[in-house]
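First comes the structure, then the notes that go with it.
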Amino acid sequence: MLRFAFPALLFLAACGGDGPRYAMDPAPLTDGAVKRLRVSTLEVRDVSLPAYAEDSQILLEGKGGALTPVKNAVWADEPVRSTTILLADRLGRASTATVAAEPWPLETPAQAAVHVRVSEMVARETGQFSLRGQFAVSSYDRVIPERIRRFDILVPLADTSPAGIARASGVALGELADTILAELAR
């Protein structure tokens, strides 16, 4: 049994990689004001990302639109998980609602849920980070009107380094959270 365990451990160690890992930096809250929402509990469903954005490698769009991996740079966490948790955290810190990512951890269901579908999440060599798609607000008990809204967020990249892309992605997700908050405050 042990003779099989050692090769398996070597394989897992080789897959882990020793390169640097980058976390999406959450953008700081700007005005410090907490928004009063029309719901007291809110579930953030797993964010739907394009296949290229689900990859662990950090990508950069080059000339001609090709997405290529940034050398020796991977995300610190799975992109779907990190974007979902970052949005849930931002929505919870900036609002009066109790917010959690799915699966909803409480016995009583949330009054509403946010579903985010990203159609584009890309760092461009031209110096812009683009986050586009739509979000939907569903309300199981019709506490608030259900709706679907589009978003198109552009954030300047300080540089195209992995750290610069990670910072810009966090800022873009912060802007998306603020857009969702404004919608839920109506």
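The values are calculated or read from the model by the stated rules, or taken from the named source; none is laboratory data. It should be emphasised that the depicted structure is a prediction, and the values quoted were computed from it without experimental measurement. So basically every Cβ, Gly included, is an ideal-geometry build from the backbone, and we count neighbours across all protein chains shown.
Annotations for the structure displayed:
- Taken over region 155-186, the criterion of being touching a Ser or Thr at 6+ places or on another chain (Cβ under 7 Å) and closer than 16 Å to Ala53 by Cα is satisfied by Leu173 alone.
- Pairing residues of region 53-78 that are loosely packed, with under 15 Cβ neighbours inside 10 Å with residues that are in a loop (DSSP other than H, G, I, E, B) and not basic (Lys, Arg), at Cβ distances under 6 Å and at least 6 apart in sequence or on separate chains, gives Gly62/Glu125; Thr68/Gly62; Asn72/Gly19; Ala76/Ala23.
- From the list Arg132, Arg81, the one residue that fits, being at pLDDT 95 or above, of a type in the set (Lys, Arg) and assigned to a strand (DSSP E or B), is Arg132.
Listed here are the residues, each with its yes/no results for (1) more than 27 Å from the chain's Cα centre (by Cα); (2) at pLDDT 90 or above; (3) not in a loop (DSSP other than H, G, I, E, B).
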| site | (1), (2), (3) |
| --- | --- |
| Arg3 | yes, no, yes |
| Phe6 | yes, no, yes |
| Phe11 | yes, no, yes |
| Asp25 | no, no, no |
| Pro28 | no, no, no |
| Asp31 | no, no, no |
| Leu42 | no, yes, yes |
| Tyr52 | no, yes, yes |
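- Count of residues meeting criterion [assigned to a loop (DSSP other than H, G, I, E, B) and of a type in the set (Gly, Ala, Ser)] in region 84-124: 3
- Condition met for Ala94 (over 11 Å from the mean Cα position of the chain (by Cα), modelled with pLDDT under 95 and crowded, with 21+ Cβ neighbours inside 10 Å): yes
- Residues that are farther than 17 Å from Val47 by Cα and surrounded by 13 or more Cβ atoms within 10 Å (Cβ to Cβ) were ranked within region 135-145; the one that is modelled with the highest pLDDT is Ser139.
- Residues of region 148-162 that turn out to be in contact with an Asp or Glu (Cβ under 8 Å, 6 or more places away or on another chain) and either modelled with pLDDT under 95 or over 18 Å from Ala182 (Cβ atoms) (or both), as a count: 1
- Within region 81-123, the residues that satisfy the criterion of being farther than 23 Å from Tyr140 by Cβ and either of a type outside the set (Gly, Ala, Ser) or touching a Ser or Thr at 6+ places or on another chain (Cβ under 7 Å) (or both) are Arg81, Thr83, Leu86, Arg93, Val118, Glu120, Met121, Val122, Ala123.
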